[in-house]
Structures are given as C-alpha cells and as structure tokens.
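One structure is given below, encoded as structure tokens.
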C-alpha cells in the first residue's frame, strides 16, 4: 500500500522531529509542526495507520512514535530522489550553458541554502587573471572605428573610438599589427607604462587611438566591477538568536542585498594560491565586516582552466561544520559533473 500525500507529510514530520529531539513524537507536536491544519485526532488516526503499515513504532504505552527501519528507509529514499531531481533540474538548465548560466547558479545556491539551513552565495565564473587573446580594429565610418577586444574565455568587449582624422586601410592595418604584436597573451599586470609609451611613439599622430584601445583592454580584463553574485537563504539568519538581533540581522541582510561587500570574499577566495580547496573563516577572520559574528565556508569551483567562481555558506559560529563541509564537497562534485569540466 502506497502512502498518500497526507501520510507522507506526517511521516516526514515525525522523522524530522525525532531526528531533532531524540524523543518520541506525539500527534499534538505534529499538529503544530506541519502545514496540514489537521486536528490532533485526525493525525492520531493517520499515525495509527502508519504504525500498522510498519513505518513508525510506539516504544512504550502512552508514548509518542518513533521511526522504524522501514520509515527511515522511506525517508532516505525520498531525500535521495529529491537530490537526484535537483541535480537533473540543474543539468537540464545547462542545455545552453552560456544563455542559462544565471538560472543554473540561482538553482545551485538555492539547493545549498536549503540543504544547510544557512545563507548561501555563489559568484558567476570569471577568468581569473585574464589574458588578452587579440584586438581587432575595424572601420565604422569616416569618423569612427570599433575596437573589438577578446580575452580568455572568449569574453568580448567592443569600444567605439572617435577619430580626429580619417584613417586609410594601410594605417588601420599597421595599428592592428602594433597592438597585437605588443599585447597579445598578456595579463593586465604585464602591461606596463613603458610598453604603452613605446607603442604611442610608434603610433605617432595616432597615439590617442592606442590610449583608447588600452582603456578597452583594461575594461575587458578587469572583471571585479562586473562580478555577478547570487544569494539564497538570507532569512535563515533569523533562526539563530545570536544573529537575529535587529542591528546584526539588518547589517547581514543589507550585505546580501547590496552584494558589493561579498566581492571582497569572492576576491580573497579566488586569490588563494593553494588551489580550489575549501576555506573556513571564523568570526573576525572573514574579510566582510558584517559577518564578524558568523562563520563562513567558501570554495572555488572551476569550469575550465582559469574560469573560476566562488561558493559560500554563511551561518552562526556554532554552525554544523561537518554537515556544511559535506554539503559543500557534494555540491563541488556535482558542479564538476554538471559543467563537465575539462581535466
């Protein structure tokens, strides 16, 4: 006999309550615990049926019920089905990875917050220490050219440059050669003032074009201002008394809403030279001032060489570290599978 929806919800409520308290669970507790809006008498009848079916047992006369092995098996199988469904939902969103990246990341952070009961965040992947691939200058009309700047990951930036005087095709070709010969394959910190000055000398009367192209290169490589961060579970903070103080909670919620302070956390995680290991910040160790009363667990995920993002869990200092670390490791493994990272 299969369980109907009502019996399933009651059984899950019994198991969750027993896992939390270790005490037999009565019908009155379940009437407050679920969203079924059923009377204690109705719940007693349903629990009696569950007992007859072998999903729960009554350890002592007049005591509440506790899960049986059959009940635990049902509960665990349901959890596993839910997790597999969540992963499949994420995979289905990846049919077109570029167009649907935002949806995937929002689902990932939602799953993480749900699994841990803490706040969670994930940053969109960016190319860490981007390098320039090539520059292409093309005519738009007599008064303008467009500089197309392509960096690692095929990230493209276009910049329209106004001309002070008309350029012929030969001059445009020479500028393309000058820029690509000097800049291709370089990261931002490798492009120095001496190099720029030398290029301007070689460009002669068109040195202003070199300056504007350099600006476009810097804009394309420097990704911090464009960092996308998705969050979920911020209201979980209110579950913990030490963080639910109005001032602390307000500061934390603002941090999640504004997201700018979270970029410091992302940048520190991505700059970690030890690789893609998991990091744990406790209290004042975190770079985010608003989280000084929290513990923060972060990890770097990598979609392909150099393309990285950060996942984070934010909770109280008394967070369940083992559970949170396991959730993080599991999610990292799932991301590897979902995005089929090239080894």
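Note on the stretch 36-64: residues that are in contact (Cβ under 8 Å) with a residue 12 or more places away in the chain and part of a loop (DSSP other than H, G, I, E, B) total 10.
Table: residues versus (1) surrounded by 13 or more Cβ atoms within 10 Å (Cβ to Cβ); (2) in contact with a helix residue (DSSP H, G or I) (Cβ under 7 Å, 6 or more places away or on another chain); (3) assigned by TED's automatic domain parsing to the domain that holds residue 103; (4) in contact (Cβ under 8 Å) with a residue 24 or more places away in the chain.
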| site | (1), (2), (3), (4) |
| --- | --- |
| 233 | yes, yes, yes, yes |
| 278 | yes, yes, yes, yes |
| 283 | no, no, yes, yes |
| 317 | yes, yes, yes, yes |
| 322 | no, no, yes, no |
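Just to be sure I understand, how many residues within the stretch 148-167 are at pLDDT below 85 and touching a helix residue (DSSP H, G or I) at 6+ places or on another chain (Cβ under 6 Å)? Counting residues in the stretch 148-167 that are at pLDDT below 85 and touching a helix residue (DSSP H, G or I) at 6+ places or on another chain (Cβ under 6 Å) gives 4.
Take the residues in the stretch 14-39 that are over 16 Å from residue 57 (Cβ atoms) and either surrounded by 14 or more Cβ atoms within 10 Å (Cβ to Cβ) or at pLDDT 90 or above (or both); name whichever of them is nearest to the chain's Cα centre (by Cα). Per the criteria, the residue is 16.
Return yes when residue 218 is outside the structural domain of residue 119 (by TED's automatic domain parsing), farther than 30 Å from residue 294 by Cα, surrounded by 12 or more Cβ atoms within 10 Å (Cβ to Cβ) and in contact with a strand residue (DSSP E or B) (Cβ under 7 Å, 6 or more places away or on another chain) and no when it is not.
Numbers: outside the structural domain of residue 119 (by TED's automatic domain parsing): yes; farther than 30 Å from residue 294 by Cα: yes; surrounded by 12 or more Cβ atoms within 10 Å (Cβ to Cβ): yes; in contact with a strand residue (DSSP E or B) (Cβ under 7 Å, 6 or more places away or on another chain): no.
So residue 218 fails the test.
Taking residue 251 as the residue in question, decide whether it is part of a helix (DSSP H, G or I), assigned by TED's automatic domain parsing to the domain that holds residue 104 and modelled with pLDDT of 90 or more. In short, no.
The values are calculated or read from the model by the stated rules, or taken from the named source; none is laboratory data. Quick caveat: nothing in here was measured; it's all calculated off a predicted structure. Reconstructed Cβ throughout: ideal geometry from the backbone, glycine too, with neighbour counts over all protein chains shown.
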